[in-house]
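Peer 1: The structure is given below, and queries will be raised subsequently.
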Amino acid sequence: MTHIVPEAMPVGPQKRVLVISYSQTGQLAAITERLLEPLRADPGIVVQVETLAPLPDFPFPWSISRFFDAFPESAHLVPPALAPLGLSGDEAFDLVILPYQVWFLAPSQPITAFLKHPLAAKLLHGKPVVTVIACRNMWLLAQEKMKGMLADVGAHLIDNVVLTDRAPTMATLITAPAWLLTGKRRPIPGLPVAGVSQNDTERSIRFGRALRDALRDGREKTRTSLLGGLAAVEANPRLLVSERAATRSFYLWGKLLRAAGDPGATARKPLLLLYVLFLITLILTIVPLSLLFQALLRPFLTQRLACLKQRFEQPSGSGTERLSQYDF
């Protein structure tokens, strides 16, 4: 369904911003709302939010079987059905904001469904797009897939904001799934609260302030970054090895599971159980060994890691030179 935010009568022509929204846990919705505050408050900007409704909807909290049954389609970018959109495709927008979660190292299924919907090419073709990611800590390859889908509809990615769980990697391997399966951000005493911190959520308003000023000046037309210098993204290329191994695993096992039937099929269940055992083994062995191996090789990989970091942080970068202007 579509929600158009009421605003006071503007002076001069209005800028129109489309926001594509899907938030399963509510975390991404809170970040998006904070980012949108400066845009909503400006009478010269109209914000239109399209909230996606997959059919059937994905549960929260997940059951463990439903959770793992979602990975084959996520990994293969197979879109679920969506409730009818409140957009015709004839609308004209100056900027598109696309927040998304990472599911099994890919964009969430509802966002994938929107980007593969026939209306996406009409709405996004030639438009500047800002992606906003909220996830555990692995997002590098998900964003590569996102770039591919945006290119397919002719959109121009001008910025990427990434907010992650700042807890240690091994801790988040426990806290993130526990949150998704129980609905509680701290179900296990002694471990960190799962998810993006409240402080990082609050500070995401700086991106909205910068986008507001850019829209006022018409800089969205330049197709260049509007959020540079605001610490929009901090890439950790040391996780790339683990991401590649897990992505390959999700893809190959996903192919096998999809051959066994559609989501919920009885034939999938024994294969899913087998995969869960495989995944636990992978997490307990390959991930820590990979991190240890990279730590030992780090002195010899400094230049390579620096190049990867710069590449994955594009187009917004991790610079901080404009923080004093917008982060207050």
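Peer 1: Select from segment 67-110 the residues that are surrounded by fewer than 18 Cβ atoms within 10 Å (Cβ to Cβ) and in contact with a Lys or Arg (Cβ under 6 Å, 6 or more places away or on another chain) and write down the one among them that is farthest from LEU211 (Cα to Cα).
Peer 2: PRO79
Peer 1: Please give the helices (runs of 4 or more DSSP H) falling wholly within segment 66-153 in which 3 or more residues are charged (D, E, K, R) and modelled with pLDDT of 95 or more.
Peer 2: Working: elements: 71-75, 109-115, 118-124, 140-152.
Per the criteria, 140-152.
Peer 1: Residue check, ARG186 against (1) modelled with pLDDT under 95; (2) of a type in the set (D, E, K, R); (3) assigned to a helix (DSSP H, G or I), all met but one. Which one?
Peer 2: In the conditions (1) modelled with pLDDT under 95; (2) of a type in the set (D, E, K, R); (3) assigned to a helix (DSSP H, G or I), ARG186 misses (3) alone.
Peer 1: Only one of GLU50, GLU7 is of a type in the set (Asp, Glu) and modelled with pLDDT of 95 or more; which?
Peer 2: Values: GLU7 fails: modelled with pLDDT of 95 or more.
Just one listed residue meets the conditions, GLU50.
Peer 1: Please tell me if LEU181 is of a type in the set (A, V, I, L, M, F, W, C) and closer than 30 Å to VAL46 by Cα.
Peer 2: When the stated conditions are applied, LEU181 does not pass them.
Peer 1: Given the conditions (1) farther than 26 Å from LYS309 by Cβ; (2) touching a helix residue (DSSP H, G or I) at 6+ places or on another chain (Cβ under 8 Å); (3) in contact (Cβ under 8 Å) with a residue 60 or more places away in the chain, report the number of the one that LEU191 does not fulfil.
Peer 2: Unmet condition: (3).
Peer 1: Which of the residues spanning segment 256-302 are in a loop (DSSP other than H, G, I, E, B), more than 13 Å from PRO72 (Cα to Cα) and of a type in the set (A, V, I, L, M, F, W, C)?
Peer 2: Once the filter is applied, which keeps residues that are in a loop (DSSP other than H, G, I, E, B), more than 13 Å from PRO72 (Cα to Cα) and of a type in the set (A, V, I, L, M, F, W, C), segment 256-302 yields ALA267, LEU301.
Peer 1: Moving on. Tell me which residues, restricted to segment 216-240, are in a helix (DSSP H, G or I) and either in contact (Cβ under 8 Å) with a residue 60 or more places away in the chain or surrounded by fewer than 16 Cβ atoms within 10 Å (Cβ to Cβ) (or both).
Peer 2: Hits for segment 216-240 are ARG216, ASP217, GLU220, LYS221, THR222, PRO237, ARG238, LEU239, LEU240.
Peer 1: For segment 194-211, name all the residues that are surrounded by 15 or more Cβ atoms within 10 Å (Cβ to Cβ) and either without any contact (Cβ under 8 Å) to a residue 12 or more places away in the chain or small (Gly, Ala, Ser) (or both).
Peer 2: Result: ALA194, GLY195, SER197, SER204, GLY208, ALA210.
Peer 1: Answer yes if at least one residue in segment 45-61 is touching a residue at least 60 places away in the same chain (Cβ under 8 Å) and small (Gly, Ala, Ser), and no otherwise.
Peer 2: No, segment 45-61 contains no residue that is touching a residue at least 60 places away in the same chain (Cβ under 8 Å) and small (Gly, Ala, Ser).
Peer 1: Which one of these does LEU77 not meet: (1) over 17 Å from the mean Cα position of the chain (by Cα); (2) on the phi > 0 side of the Ramachandran plot?
Peer 2: (1)
The values are calculated or read from the model by the stated rules, or taken from the named source; none is laboratory data. Please read all numbers here as calculations on a predicted model, not as lab measurements. No Cβ is skipped: glycine too gets one built from the backbone with ideal geometry, and neighbour counts run over all protein chains shown.
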